[in-house]
């Protein structure tokens, strides 16, 4: 979580609240390989792109994963509906992910308040 907090700018508690830490570590390990992931986790500093060891690309992929719930690939894929809904991009914008917070059963039967619609 410490690395992810540095990459995303979100507090570790906010990241833990998503419930996706273990899932993202597993996905990153599968996609990057455990060696590259461990090197990224072990580094005292964030990668700056001066090396040719793939650490910067790995850091970018991990950051994208937290913000969108998507691994960049190839092939790119959404980890899960929960990952999409918990994407940090929505939190950073102060929004809820579209189609993830329904108003409740039957909410479509009445017009939104204040619209004057009938």
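The values are calculated or read from the model by the stated rules, or taken from the named source; none is laboratory data. The shown structure was predicted, so the numbers you read here are calculated from the model rather than taken from an experiment. Glycine gets a Cβ as well: all are built from the backbone with ideal geometry, and neighbour counts include every protein chain shown.
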In segment 7-47, which helices (runs of 4 or more DSSP H) lie fully inside it and hold 2 or more residues that are touching a helix residue (DSSP H, G or I) at 6+ places or on another chain (Cβ under 7 Å) and modelled with pLDDT of 95 or more?
-> 12-17, 21-32
In segment 54-71, is there at least one residue being loosely packed, with under 14 Cβ neighbours inside 10 Å and out of contact with any helix residue (DSSP H, G or I) (no Cβ under 7 Å at 6 or more places or on another chain)?
-> no
Just for segment 80-99: of the residues that are touching a helix residue (DSSP H, G or I) at 6+ places or on another chain (Cβ under 6 Å) and modelled with pLDDT of 90 or more, which one is nearest to residue 27 (Cα to Cα)?
-> 87
Could you list all residues from segment 4-40 that are buried (at least 16 other Cβ atoms within 10 Å of the Cβ) and farther than 21 Å from residue 80 by Cβ?
-> 5, 36, 39, 40
Number of positions in segment 72-84 that are outside any loop (DSSP other than H, G, I, E, B) and crowded, with 16+ Cβ neighbours inside 10 Å | 2
